[in-house]
Amino acid sequence: IKRITTHILQEMKDRGEKISMLTAYDYSMAKIVDAAGIDIVLVGDSASNVMAGHETTLPITLDQMIYHASAVVRAVKRSFIVVDIPFGNYQGNSSEALRSAIRIMKESGAHAVKVEGGAEIKESVIRILSAGVPVMGHLGLTPQSIYKFGTYTVRAKEEAEAAKLIEDAKILEQCGCFAIVLEKIPASLAKKVAETVNIPVIGIGAGGGVDGQVLVMHDMLGITQEFKPRFLRQYADLQKIMTDAFTEYIRDVKSQDFPNESESY
Ligand code: KIV
Ligand code: NA
């Protein structure tokens, strides 16, 4: 199997093939999504919500991200694996950022890191890239800054914030980022960013005018049911499928239908 690389992702943008990306946090799910042919697996800090039940992405630690990432790395044969550097492990200064990126690369075996922000984290991005670690940017709604925004509503609807976002995208490209995620911004602005920068722009709630799409796996599978933003397309109702399976199992145990003769030694 030919591995996806940053070079291949760039070629996809150049010839207009859309890039597919989903999150994964564990071995079993990562194995399935990789075998299905996903281009990028993101070990997102959304693990903080989805895996650990926190309200925000802020509490997850670098050690916990490395734990999730190493499980994903053991499963994936083809996809390009990107890992979020969690809140508090890169904003301080560029050497802290580099140290965090190196720990992720060495201890998990992933292929790249993702960080939230533009101009504010420029030095950190440059420092990580100078060590040979590919960096994916993330602009628009950046969940690590949720307490600054106050809400998870659409970002960059106003002119000033839109202009800063375009500037930040240009900065990230100039620094050498291989791709940028745009989260929850107007489709017209996202399209403009994708046309402005040469590197792949991957959207979530950013419309169809970008170079690829990303969703949180558990949301698109319908495992998480509370979270139903407009941008989310639900591809399965795993909550129902799982509940039915669990209910049937419980019934069979209670009724002594399970295990039967052929299921016993
Ligand atoms: O952590 C995450 O899942 C993400 C995606 C939503 C882009 O950052
Ligand atoms: Na994230």
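The values are calculated or read from the model by the stated rules, or taken from the named source; none is laboratory data. Computed from a predicted structure; not experimentally measured. Counting neighbours? That spans all protein chains shown, and the Cβs are built from the backbone with ideal geometry, glycine included.
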- Item | Selection from region 170-186 of residues that are within 17 Å of residue 19 (Cβ to Cβ) and part of a helix (DSSP H, G or I) | 172, 173
- Message: Condition first: more than 13 Å from the chain's Cα centre (by Cα) and acidic (Asp, Glu). Can you find one or more residues in region 65-87 that meet it?
- Response: no
- Subset of region 229-256 (residues that are more than 17 Å from the chain's Cα centre (by Cα), exposed (fewer than 11 other Cβ atoms within 10 Å of the Cβ) and not in a helix (DSSP H, G or I)): 230, 255, 256
- Item | Qualifying residues in region 19-51 (those that are more than 27 Å from residue 199 (Cα to Cα) and either free of Cβ contacts under 8 Å to residues at least 24 places away in the same chain or near ligand 1 (Cβ under 9 Å from one of its atoms) (or both)) - the one surrounded by the most Cβ atoms within 10 Å (Cβ to Cβ) | 48
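Just the residues that are more than 26 Å from residue 26 (Cα to Cα) and touching a residue at least 40 places away in the same chain (Cβ under 8 Å), please, taken from region 204-218.
Within region 204-218, 206, 211 qualify.
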- Item | Candidates 186, 200, filtered to the one that is touching a strand residue (DSSP E or B) at 6+ places or on another chain (Cβ under 9 Å) and either farther than 18 Å from residue 9 by Cβ or in the same structural domain as residue 58 (by TED's automatic domain parsing) (or both) | 200
- Query: For residue 1, all conditions in the list (1) at pLDDT 95 or above; (2) more than 15 Å from ligand 1 (Cβ to nearest atom) hold save one; what is the number of the exception?
  - Reply: (1)
- Message: Restricting to region 28-59, give me the number of residues that are within 14 Å of the chain's Cα centre (by Cα) and assigned to a loop (DSSP other than H, G, I, E, B).
- Response: 7
- Query: Going through region 114-149 one residue at a time, which ones are more than 14 Å from residue 97 (Cα to Cα) and more than 16 Å from ligand 1 (Cβ to nearest atom)?
  - Reply: 119, 147, 148
- Message: Which count do you get for residues in region 60-79 that are within 14 Å of ligand 1 (Cβ to nearest atom) and out of contact with any Ser or Thr (no Cβ under 6 Å at 6 or more places or on another chain)?
- Response: 4
- Query: Under 7 Å by Cβ, and 6 or more places apart or on different chains, what pairs join a residue from region 112-140 that is closer than 22 Å to residue 189 by Cα and in contact (Cβ under 8 Å) with a residue 24 or more places away in the chain with one that is of a type in the set (S, T, N, Q) and within 12 Å of ligand 1 (Cβ to nearest atom)?
  - Reply: 116/142; 116/144; 117/142
